[in-house]
1. Could you list, in sequence order, the residues of segment 237-259 that are within 14 Å of F273 (Cβ to Cβ), out of contact with any Phe, Trp or Tyr (no Cβ under 7 Å at 6 or more places or on another chain) and in contact (Cβ under 8 Å) with a residue 12 or more places away in the chain?
2. Within segment 210-252, take every residue that is among the small types (G, A, S) and within 30 Å of Y165 (Cβ to Cβ) and give me the one that is modelled with the lowest pLDDT.
3. For the structure I just gave you, tell me whether R37 is crowded, with 16+ Cβ neighbours inside 10 Å and modelled with pLDDT of 85 or more.
4. Which helices (runs of 4 or more DSSP H) sit wholly inside segment 1-56 and have at least 3 residues that are under 23 Å from G141 (Cβ atoms) and either hydrophobic (A, V, I, L, M, F, W, C) or free of Cβ contacts under 8 Å to residues at least 24 places away in the same chain (or both)?
5. Residues of segment 140-169 being within 19 Å of P211 (Cα to Cα) and exposed (fewer than 12 other Cβ atoms within 10 Å of the Cβ), which ones?
6. Only one residue in R144, R169 is modelled with pLDDT of 70 or more and touching a strand residue (DSSP E or B) at 6+ places or on another chain (Cβ under 8 Å). Which one?
7. Taking segment 172-203, which residues are outside any strand (DSSP E or B) and either out of contact with any strand residue (DSSP E or B) (no Cβ under 9 Å at 6 or more places or on another chain) or within 20 Å of P153 (Cβ to Cβ) (or both)?
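The values are calculated or read from the model by the stated rules, or taken from the named source; none is laboratory data. Because the structure is a prediction, the values reported are computed rather than measured. With ideal geometry, Cβ positions are generated from the backbone for all residues, glycine too; neighbour counts draw on all protein chains shown.
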Amino acid sequence: MKIDRQIGILSVLLQKDTVTAPFLAERFEVSRRTINRDIEDLCRAGIPIATRQGANGGISIMENYKLDRTLFTRGEMQDILAGLRSLDSVNGTNRYGMLMEKLSAGSSDFMVGDQSVLIDLSSWYKESLAPKIEQIRRAIGECRKLEFFYYSPKEESDRCIEPYYLIFRWANWYVWGWCRKRQDFRLFKLNRMERVSVTERTFVKRPSALPDLRNERIFPGGIRVKALFEPECRWRLVEEFGSASFVQQDDGKLLFQADYTSREELVTWLMTFRDKVELLEPKEIRAELCAALECIRKKYEKCT
């Protein structure tokens, strides 16, 4: 894209004393005429670029414009690189890595050798997620309505949204947009979306603030859970809720207390611990759990 290339040219000029138009044309794989137009655009933007003809000529930024010609410190560049590489991990491309090469032209030591932060955002659903992410990015960039079939806990339905943000949080990918069915902004999980398509219908962006993604906003809680876990469950409680979520009892068992958001998900979660947990409260969900276990017992009893 033009803006990416111009940022890359500016980065090169800030890090090198003088460069030539053929050098920039080869670096960014465009013609010299395109480079000349980019230089003119940068000059019109107020950046004092000087050009000199002759054997020792070239393109440079005027000496008094900036004393420190480095856009980013080494640490800042490595943090940016880690973030961009994490985006490449979603779909297995090297698009963002190539962008970083342009931004860090002339500073190859930023790119290799001593990276200390590696972020991998890919998942078991990488093959199905990558096309969805590309479609959603296109829909957002072109302000096009997005259609898909959605599986939610309450219903399965066709949806049409005006997409605004692609979000990675809580270890999953989401799209935030205006839902025509609900006539409100909604958050949709990409793993629950099927038959995603970018329509030809455009939309005018609505006035809106950034999505409120605080845990208490998206997961309001309301179910106060009290349960007693066996000591060997400690690692899971620490991983999923933190070490402050339980208190070790005199007999070694772990008294767990936390807020939960869904009755169904709570019952499912507790059952993954099999006989290593006893739900103490709420009593109504304790009864529901007993009923579910009885149904399971009867189902498997038929197999014996």
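1. F241
2. Selected residue: G221.
3. For R37, the condition - crowded, with 16+ Cβ neighbours inside 10 Å and modelled with pLDDT of 85 or more - is not met.
4. In segment 1-56, 2-15 are the helices (runs of 4 or more DSSP H) which contain 3 or more residues that are under 23 Å from G141 (Cβ atoms) and either hydrophobic (A, V, I, L, M, F, W, C) or free of Cβ contacts under 8 Å to residues at least 24 places away in the same chain (or both).
5. Across segment 140-169, the qualifying residue is only G141.
6. So the residue among R144, R169 that is modelled with pLDDT of 70 or more and touching a strand residue (DSSP E or B) at 6+ places or on another chain (Cβ under 8 Å) is R144.
7. Within segment 172-203, K181, R182, Q183, L190, N191, R192 meet the criteria.
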